1. In the stretch 138-148, is there at least one residue being surrounded by fewer than 16 Cβ atoms within 10 Å (Cβ to Cβ) and among the hydroxyl-bearing types (Ser, Thr, Tyr)?
2. Spot the failing condition for Val116; the list is (1) aliphatic (A, V, I, L, M); (2) touching a residue at least 40 places away in the same chain (Cβ under 8 Å); (3) within 9 Å of the ligand (Cβ to nearest atom), and only one is missed.
3. Of the residues in the stretch 119-161, how many are more than 9 Å from the ligand (Cβ to nearest atom), under 18 Å from the mean Cα position of the chain (by Cα) and in contact (Cβ under 8 Å) with a residue 24 or more places away in the chain?
4. Can you name the residue in the stretch 77-94 that is surrounded by fewer than 16 Cβ atoms within 10 Å (Cβ to Cβ) and touching a residue at least 40 places away in the same chain (Cβ under 8 Å) and, of all such residues, is nearest to Gly135 (Cα to Cα)?
5. Could you tell me whether Ser81 is away from the ligand (no atom under 12 Å from the Cβ) and either more than 20 Å from Phe158 (Cβ to Cβ) or in a helix (DSSP H, G or I) (or both)?
6. Tell me whether the stretch 24-41 contains one or more residues that are away from the ligand (no atom under 11 Å from the Cβ) and at pLDDT 95 or above.
Amino acid sequence: MAAPTKIRACRKFPAPTAIILIAGIGVGATAWAQQDKEKIIAERQDAMKQQGREMIAVRNYFQDKGDQATALAALVSLKGSVPKVLEWFPAGTGLGQVSVKTRAKPEIWQDQDKFVAADKTVIGQIDTLEAAVKGGDKAKTETVYNEIKFCDACHSTFRAPEQR
Ligand code: HEC
């Protein structure tokens with residue numbers, strides 16, 4: 001375990017150090033701020049992956065691959081996390097602003113009102129989805145699920161395509 005960590009550290013360090021020296025900025029503060037941003041990005045990507053798994057739990061329900069209770073638990077979790085999405089995107093953590101991989105488009109900060117509105121839309125959609133699952137109506141659940149897709153109300157505008 002120790003060896004890979006070392007290799008990663010060696011690979012990561014030279015570039016930022018060079019940038020800091022060239023820019024002549026205080027080394028300590030800059031390095032920490034950058035680390036914090038990378039941590040936030042990693043955390044939000046993990047949290048989004050979790051949301052993806054929860055949506056699949058709902059899909060499993062109407063596809064007869066999972067039960068209603070599991071789908072409802074996933075929806076309770078989604079209802080807690082979707083409103084928090086807004087907190088996961090502090091300024092300076094977008095595409096082109098960090099060295100780690102992110103698909104967060106600059107529009108998130110340029111068009112904050114629309115970003116907030118997109119989150120509200122998804123919150124409403126999740127409520128509708130929950131009502132359908134609670135009612136035990138699989139056909140309705142499928143319809144609502146297909147409307148939400150993969151939370152495209154936000155992704156279509158604010159998430160950049162996958163980069164290679
Ligand atoms: C208000 C906007 C918004 C909402 C709502 C939202 N997302 Fe996202 N999502 C994003 C953005 C922006 C990214 C890109 C984040 C990054 O790459 O740093 C993302 C990334 C993702 C990813 C990829 C994570 C990775 O591996 O890097 C998944 C999966 C995902 N979202 C699922 C969901 C699901 C499912 C929902 C709804 C239950 C949802 N998101 C709601 C904006 C949103």
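The values are calculated or read from the model by the stated rules, or taken from the named source; none is laboratory data. Everything numeric in this text was worked out from a predicted model, so none of it was measured. Note: ideal-geometry Cβ built from the backbone for every residue, glycine included; neighbour counts use all protein chains shown.
1. yes
2. Val116 satisfies all of (1) aliphatic (A, V, I, L, M); (2) touching a residue at least 40 places away in the same chain (Cβ under 8 Å); (3) within 9 Å of the ligand (Cβ to nearest atom) except (2).
3. 1
4. Per the criteria, the residue is Lys79.
5. no
6. yes
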